[in-house]
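The values are calculated or read from the model by the stated rules, or taken from the named source; none is laboratory data. Worth saying up front: this structure is predicted, and the values here are computed from it rather than measured. Note that each Cβ is placed from the backbone with ideal geometry, even for glycine, and that neighbours are counted across all protein chains shown.
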Amino acid sequence: MALLEVRDLNVFFQTNLGPVFAVRGIGFDLDRGETLAIIGESGSGKSQAVFAIMGLLDANGWCQGEVRFDGANILNAPSKILNPIRANRMAIIFQDPTTSLNPYMRISEQMAEVLTLHKGFSKREALARSIAMLDAVKIPDAKSCLNRYPHEVSGGMRQRIMIAMALLCHPDILIADEPTTALDVTIQAQIMTLLRELQHDFGMGVILITHDMGVVAGAAERMIVMYGGQVMEEGPTDAIFKDATHPYTRALLASIPRTDQPKEDLRSIPGDPPDMMWAEEGCPFAPRCDFATTGCRRSAIALKPFAPNRLRACNRPIAEVQ
Amino acid sequence: MASLAQALVETGEKGHSPWSDARVRFCKNRQGLVGLALMGFVLAFAIFGSFAAHWPIDKIDFQVMGDVAREGGPSLTNGHFFGTDELGRDLFARTILGIRISLAVGLVGTLIAVIVGTVYGAASGYAGGRVDNIMMRAVDILLSIPSMFVLILLLVMFGHSIILLFIGIGLLSWLDMSRIVRGQTLSLKQREYIEAARASGVPAQTIIRRHIVPNLLSIVIVYATLLVPGMILAESFISFLGLGVQEPLTSLGALISQGAATMNYGTLWQLLFPLFFFIVTLFAFFFLGDGLRDALDPKDR
């Protein structure tokens, strides 16, 4: 039994225009030491899936399915059950480090809050652990950094502080929700390397949420490709990069700009992301898919295994798509 | 957290909080400083002025009583620096008392508004959904009742007591404050540090206390400084109608009312002295509020 088991997770939102189906039937297992990447464009439901797992959905959202953490179902659990797990055993890093820290609190106070809450540390112990953790995320002069207010440190530093805060209680699972999106490219690489090292040191399971194929390569063993709230393809990262079997994954891979090949125009996927209100049966990618038939638009797609460890949700045969 | 901050002081370098930045900006704001100086002047006069007074507030000077218009004017020789009122009581002492009571009404009423309004608004905004709806509709209903009318009714029914005036003004004034705070809380709730605190398992009350209220404080302070003159005006209006503070106590509004009633009989000082302090106090608070807004919310300029 894996540490975190997600089965058939569905997330909906009630809006003024009607219900929105944000996530439809995603599922995965994650154990300590493993890395799972969830990739998809904005609005594909990848963030809402993990928010649902941690019970952080907005008031107008609700979810169905099964999320087992350490054997117990925690989906829709009351905060009395979730609060001791949050940060303590399952931590999350958010996308935008510029707004992730309270501007009116010293960094030391914000870091200490988690430790006094979950571990019952004294102020001094919390401070010592915070300094150790800031050292671990390679912040130079951790002591003086603790004294500062968030507006006094740079964006890259703040993301490191956020990572340090997430790791303070040595969680079993770390969810990184687009940890590098708001950072520039040189810092991105540093943060990704750092995350890998820390995962190795602490033996955490990591869920990496991103829209950037370049971030996934070499960072995750397994990946899930999402589109329109559904899983399109799932399997080992290397295998998917080598021969993707879903038209959407192939289109995503083809749209990565490359410098090692002759110059050509940037490739994009024609069409627009799906309207999530559109709850009809059929493949969500069909309107933009080169291989779609009328059958694709009508009949639902199902995620089926086709090789060891690999699954795809497409009605067209693999040979034809490739 | 104070001890933690203490422990950190040893390490030397100290960060600049947004508050200390705001203080620096405020100190560069001439208008705000003028407001602060005016308020200091009024406060100093209200607190220490009574040491200079030669007459108690309710002692009638029988030498001027018969002929106030000629004998009761401001004079240094008989100790009536601001003259006397039409009964021959010392206006200097009575003005000081009036300032004290008016300021007390303004400050206590504002304090009630700030505490009740902030707690109510933050709780409503953070809870969201149905709870928020019910709490805000209750505010709407209370707001739709003409507050001055209710206040006058209260004073007429339960007698003209100053305590009732405090409570009445305070209880009616938190409504706007709670709406402002609730709106601000709704936008704060979307910030990622609130989400991060939720994701760290911090309980709701702690989030409101440690993360939401400090971030609301700047807007609450600005609104509160602008609320104080509003309260003073409301109290003056009530006192002008003769329903507020009762004799021998007085307030600026009551003094102005009395002075205005006799201004045709050659005793203009009875109107001008209280009016001067009334206007200076209001200006001080308005200037201070504007200065604080510029200092605390630099983006808004």
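Quick check on my filter: what residues within segment B:65-74 are within 19 Å of B:LEU255 (Cα to Cα), in a loop (DSSP other than H, G, I, E, B) and modelled with pLDDT under 75?
If the condition is that a residue be within 19 Å of B:LEU255 (Cα to Cα), in a loop (DSSP other than H, G, I, E, B) and modelled with pLDDT under 75, then B:GLY72, B:GLY73 are the ones that fit.
Name the residue, out of B:HIS16, B:HIS54, that is exposed (fewer than 15 other Cβ atoms within 10 Å of the Cβ), closer than 19 Å to B:ALA295 by Cα and either within 14 Å of chain A (Cβ to nearest Cβ) or touching a residue at least 12 places away in the same chain (Cβ under 8 Å) (or both).
Working: B:HIS54 fails: closer than 19 Å to B:ALA295 by Cα.
Selected residue: B:HIS16, the only one of B:HIS16, B:HIS54 that is exposed (fewer than 15 other Cβ atoms within 10 Å of the Cβ), closer than 19 Å to B:ALA295 by Cα and either within 14 Å of chain A (Cβ to nearest Cβ) or touching a residue at least 12 places away in the same chain (Cβ under 8 Å) (or both).
Within segment A:34-43, identify whether any single residue is assigned to a loop (DSSP other than H, G, I, E, B), within 14 Å of the chain's Cα centre (by Cα) and within 14 Å of chain B (Cβ to nearest Cβ), and answer yes or no. Spell out how you get there, then give the answer.
Going through segment A:34-43, the residues assigned to a loop (DSSP other than H, G, I, E, B) turn out to be A:34, A:40-43.
Narrowing further to those that are within 14 Å of the chain's Cα centre (by Cα): A:34, A:40-43.
With the extra rule that they be within 14 Å of chain B (Cβ to nearest Cβ), the set shrinks to none.
No: zero hits.
Looking for whichever is within 16 Å of B:ARG198 (Cβ to Cβ), within 7 Å of chain B (Cβ to nearest Cβ), in contact with a helix residue (DSSP H, G or I) (Cβ under 7 Å, 6 or more places away or on another chain) and surrounded by fewer than 22 Cβ atoms within 10 Å (Cβ to Cβ) here; the options are A:ASN83, A:ASN88, A:ASN102. Which one fits?
Testing whether each residue is within 16 Å of B:ARG198 (Cβ to Cβ), within 7 Å of chain B (Cβ to nearest Cβ), in contact with a helix residue (DSSP H, G or I) (Cβ under 7 Å, 6 or more places away or on another chain) and surrounded by fewer than 22 Cβ atoms within 10 Å (Cβ to Cβ) leaves just A:ASN88.
Can you tell me which of B:LEU249, B:LEU186 is modelled with pLDDT under 85 and surrounded by fewer than 20 Cβ atoms within 10 Å (Cβ to Cβ)?
On the way: B:LEU186 fails: modelled with pLDDT under 85.
It is B:LEU249.
I'd like to verify a number: residues in segment B:191-212 that are polar (S, T, N, Q) and at the interface with chain A (Cβ under 9 Å from one of its Cβ atoms), how many? Spell out how you get there, then give the answer.
First, the residues of segment B:191-212 that are polar (S, T, N, Q): B:200, B:205-206.
After this cut, where a residue has to be at the interface with chain A (Cβ under 9 Å from one of its Cβ atoms) as well, the list is B:200, B:206.
Number of matching residues: 2.
Looking at A:LEU208, A:LEU168, A:LEU174, can you tell me which residue is touching a strand residue (DSSP E or B) at 6+ places or on another chain (Cβ under 9 Å), surrounded by 21 or more Cβ atoms within 10 Å (Cβ to Cβ), under 30 Å from B:HIS211 (Cβ atoms) and more than 14 Å from every other protein chain (Cβ to nearest Cβ)?
Values: A:LEU168 fails: more than 14 Å from every other protein chain (Cβ to nearest Cβ); A:LEU174 fails: more than 14 Å from every other protein chain (Cβ to nearest Cβ).
Answer to the check: A:LEU208.
Could you look through segment A:278-288, keep only residues that are in a loop (DSSP other than H, G, I, E, B) and over 15 Å from A:SER44 (Cβ atoms), and pick out the one that is modelled with the highest pLDDT?
My answer is A:GLY282.
Out of A:ASP201, A:ASP135, which single residue is in contact (Cβ under 8 Å) with a residue 60 or more places away in the chain and either at positive phi or not hydroxyl-bearing (Ser, Thr, Tyr) (or both)? Outline the logic, then answer.
Numbers: A:ASP135 fails: in contact (Cβ under 8 Å) with a residue 60 or more places away in the chain.
The unique qualifying residue is A:ASP201.
Does A:ASN76 count as away from every other protein chain (no Cβ under 14 Å), at positive phi, surrounded by fewer than 22 Cβ atoms within 10 Å (Cβ to Cβ) and without any contact (Cβ under 8 Å) to a residue 40 or more places away in the chain?
Values: away from every other protein chain (no Cβ under 14 Å): yes; at positive phi: yes; surrounded by fewer than 22 Cβ atoms within 10 Å (Cβ to Cβ): yes; without any contact (Cβ under 8 Å) to a residue 40 or more places away in the chain: yes.
Yes, satisfied.
Where the second residue is part of a loop (DSSP other than H, G, I, E, B) and the first is within 13 Å of A:ASP290 (Cβ to Cβ) and lies in segment A:250-263, which pairs have Cβ atoms under 7 Å and are six or more apart or on separate chains?
Close Cβ pairs (under 7 Å, with a partner that is part of a loop (DSSP other than H, G, I, E, B)) amount to A:ARG250/A:ALA244; A:ALA251/A:ILE269; A:ALA254/A:ARG267.
Taking segment A:297-320, which residues are touching a Cys at 6+ places or on another chain (Cβ under 8 Å) and more than 29 Å from A:ASP29 (Cβ to Cβ)?
Answer for segment A:297-320, where residues must be touching a Cys at 6+ places or on another chain (Cβ under 8 Å) and more than 29 Å from A:ASP29 (Cβ to Cβ): just A:ARG297.
Return yes or no: is A:ILE26 buried (at least 19 other Cβ atoms within 10 Å of the Cβ), under 17 Å from the mean Cα position of the chain (by Cα) and β-branched (Val, Ile, Thr)? Before the answer, list the steps.
Working: buried (at least 19 other Cβ atoms within 10 Å of the Cβ): yes; under 17 Å from the mean Cα position of the chain (by Cα): yes; β-branched (Val, Ile, Thr): yes.
So A:ILE26 fits the description; yes.
Of the residues that make up segment A:113-125, is at least one over 23 Å from the mean Cα position of the chain (by Cα), of a type in the set (A, V, I, L, M, F, W, C) and more than 7 Å from every other protein chain (Cβ to nearest Cβ)? Let's see the steps before the verdict.
Kept after step one, since they are over 23 Å from the mean Cα position of the chain (by Cα), are these residues of segment A:113-125: A:113, A:115-125.
Applying the additional criterion that residues be of a type in the set (A, V, I, L, M, F, W, C) yields A:115, A:117, A:121.
Subsequent filtering for residues that are more than 7 Å from every other protein chain (Cβ to nearest Cβ) retains A:115, A:121.
Among the residues of segment A:113-125, at least one is over 23 Å from the mean Cα position of the chain (by Cα), of a type in the set (A, V, I, L, M, F, W, C) and more than 7 Å from every other protein chain (Cβ to nearest Cβ), which makes the answer yes.
Here's a check for you: in segment A:51-73, which residue that is facing chain B (nearest Cβ under 9 Å) and among the aliphatic types (A, V, I, L, M) is farthest from A:MET162 (Cα to Cα)?
Among residues in segment A:51-73 that are facing chain B (nearest Cβ under 9 Å) and among the aliphatic types (A, V, I, L, M), the one farthest from A:MET162 (Cα to Cα) is A:ALA59.
Could you list all residues from segment B:168-190 that are within 14 Å of chain A (Cβ to nearest Cβ) and touching a residue at least 24 places away in the same chain (Cβ under 8 Å)? If you could, list the steps in order and put the result at the bottom.
Going through segment B:168-190, the residues within 14 Å of chain A (Cβ to nearest Cβ) turn out to be B:184-190.
Answer for segment B:168-190, where residues must be within 14 Å of chain A (Cβ to nearest Cβ) and touching a residue at least 24 places away in the same chain (Cβ under 8 Å): B:GLN184, B:THR185, B:LEU186, B:LEU188, B:LYS189.
Give B:SER187, B:SER124, B:SER147 a once-over and let me know the one that is under 22 Å from the mean Cα position of the chain (by Cα) and among the polar types (S, T, N, Q).
On the way: B:SER187 fails: under 22 Å from the mean Cα position of the chain (by Cα); B:SER124 fails: under 22 Å from the mean Cα position of the chain (by Cα).
The conditions single out B:SER147.
Say we look at segment A:126-165 and pick out the residues that are of a type in the set (D, E, K, R) and away from chain B (no Cβ under 11 Å); which of these is surrounded by the most Cβ atoms within 10 Å (Cβ to Cβ)? Break it down stepwise before answering.
If we filter segment A:126-165 for residues that are of a type in the set (D, E, K, R), which is where we start, we get A:129, A:135, A:138, A:141, A:143, A:148, A:152, A:158, A:160.
Cutting the leftovers down to away from chain B (no Cβ under 11 Å) gives us A:129, A:135, A:138, A:160.
Numbers: A:ARG129: 20, A:ASP135: 14, A:LYS138: 14, A:ARG160: 24.
Taking the candidates together, the pick is A:ARG160.
Can you name the residue in segment B:259-301 that is without any contact (Cβ under 8 Å) to a residue 60 or more places away in the chain and in contact with a Gly (Cβ under 9 Å, 6 or more places away or on another chain) and is also nearest to B:LEU33 (Cα to Cα) among such residues?
Among those that are without any contact (Cβ under 8 Å) to a residue 60 or more places away in the chain and in contact with a Gly (Cβ under 9 Å, 6 or more places away or on another chain), it is B:LEU275.
Just wondering, is there one or more residues in segment B:92-111 that are of a type outside the set (Asp, Glu), surrounded by 19 or more Cβ atoms within 10 Å (Cβ to Cβ) and farther than 30 Å from B:LEU172 by Cβ?
Keep residues of segment B:92-111 that are of a type outside the set (Asp, Glu), which gives B:92-111.
Narrowing further to those that are surrounded by 19 or more Cβ atoms within 10 Å (Cβ to Cβ): B:92-103, B:105-106, B:109-110.
Next cut, farther than 30 Å from B:LEU172 by Cβ only: B:92-93.
Yes, there is a match, as at least one residue in segment B:92-111 is of a type outside the set (Asp, Glu), surrounded by 19 or more Cβ atoms within 10 Å (Cβ to Cβ) and farther than 30 Å from B:LEU172 by Cβ.
Return a yes/no flag: does segment B:77-90 have any residue that is part of a helix (DSSP H, G or I), surrounded by 18 or more Cβ atoms within 10 Å (Cβ to Cβ) and out of contact with any Gly (no Cβ under 9 Å at 6 or more places or on another chain). It would help to see each step written out before you state the result.
Narrowing segment B:77-90 to residues part of a helix (DSSP H, G or I): none.
No; the residues of segment B:77-90 include none that is part of a helix (DSSP H, G or I), surrounded by 18 or more Cβ atoms within 10 Å (Cβ to Cβ) and out of contact with any Gly (no Cβ under 9 Å at 6 or more places or on another chain).
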